[in-house]
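Here is the structure we will look at, set down as structure tokens.
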């Protein structure tokens, strides 16, 4: 007897749409904690693994071996993942003698909620008490309190370095950074075993959202995901109902497509092909500690847009700063709107270099990973501290972007090598002037030559 043909049911449209929304909402949280776990267990390129409440220091500028999304090549990193669930953690910082540095504090929902360093607190020595959301609110005399929105948070430290000859001086400052925990923390909870790999995202989101609740307003929004099982005490994803599994898988696919589209075609201001992502990190509305500006100019109030912007920021530039600390512009196309590709040669001419109080750079990345790519001269960025740049008679600066090394010495001096395929440069301006934000400073387009 012939068995009847079983036709798979199409995913429930309403449920799969909800799953896509949950992916956008939860992607930054899951992606952040995946990187936290990666950092504590395996390290990241030249940054050695470090347990919670201990800094890992880069000893060189970032290169292709540092496979982290949109990593910068301007500064040397000092990164620590703080776990204050076991009690307050004291942070001590050294006197940097006027050198630019920033310690950026990021919670596990990717909110930038505090800054310590050149702009925010100056460059003198200091101490700070890092306290969990429900922890005690006092600190010893002379020690400032920074309350963490989530019991685990990441400190992303960046030290300005003037070439490899300056690394030893930076290393001595890195040694002056200290974290002193008062007790052992709970660490990162593990997702349930037995969940299929294609549903693992939702299991991670379920477990980590329970352990690290978001802001009240975001918690109210997330209540709508009850039908997906994201608020269940036990995992519903080990043996999910077929209807739920189909909707979750469809939602993941739709959510990823929406996210990738937002990265490339998001509603951000443009200027000569550049996406002016100066406000990409403005989704924190609730947590403002030392150095973080509680200012309407730096708050994106529309929730639907805020969640998509937050996901795109994590995907394209996890742990990026607010624009007032470092403004970012990125570009995928030339001045004629055609995709940038290493099969061609390009030039970009600054008649006036970017106005900022610290420094600026243009860094080259591949797509779609947004990693640095190896090149024969070991150059990954050009900026105001790059030695040997050639300027025009009028003071202008032309950056040459192409795969092959230029033959002419003056062009070779200003050469920023590109990958063989498509690429995406990022312009960074540290402590940017107001002209960057009010539009009076205009970025030049990238002109294709060949």
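Every number here is computed from the coordinates shown, using simple stated rules; none is lab data. Computed from a predicted model, the values in this text were never measured in an experiment. In this analysis, Cβ positions are derived from the backbone assuming ideal geometry, glycine residues included, and neighbour counts consider all displayed protein chains.
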Q) Antiparallel as a % of all DSSP beta bridges within the stretch 317-450, to the nearest 5? A) 90 percent
Q. Build a GNM of the chain with springs between Cα atoms under 10 Å: which of 225, 31, 68 gets the top mean-square fluctuation?
A. 225
Q: Taking only Cα atoms and a 10 Å spring cutoff, compute GNM fluctuations for the chain and point out the largest among 253, 358, 151.
A: 253
Q. The stretch 261-321 to the stretch 41-61: how many Å between their Cα centroids?
A. 27 Å
Q.
Could you tell me the center-to-center distance, by alpha carbons, between the stretch 120-170 and the stretch 425-448 in angstrom?
A. 29 Å
Q.
Given contacts defined as C-alpha pairs under 8 Å and at least six residues apart, what's the relative contact order of the chain, whole-number percent?
A. 18 percent
Q. FRET efficiency for residue 352 and residue 405, Cβ-Cβ distance as r, R0 = 25 Å, nearest 0.05?
A. 0.35
Q. GNM, the chain, Cα, under 10 Å: largest mean-square fluctuation among 403, 315, 220?
A. 220
Q | Rounded Å value of the spacing that divides the Cα centres of the stretch 383-421 and the stretch 183-197 | A | 48 Å
(Q) Order 375-384, 108-117 from most to least packed using the mean count of other Cβ atoms within 10 Å. (A) 108-117, 375-384
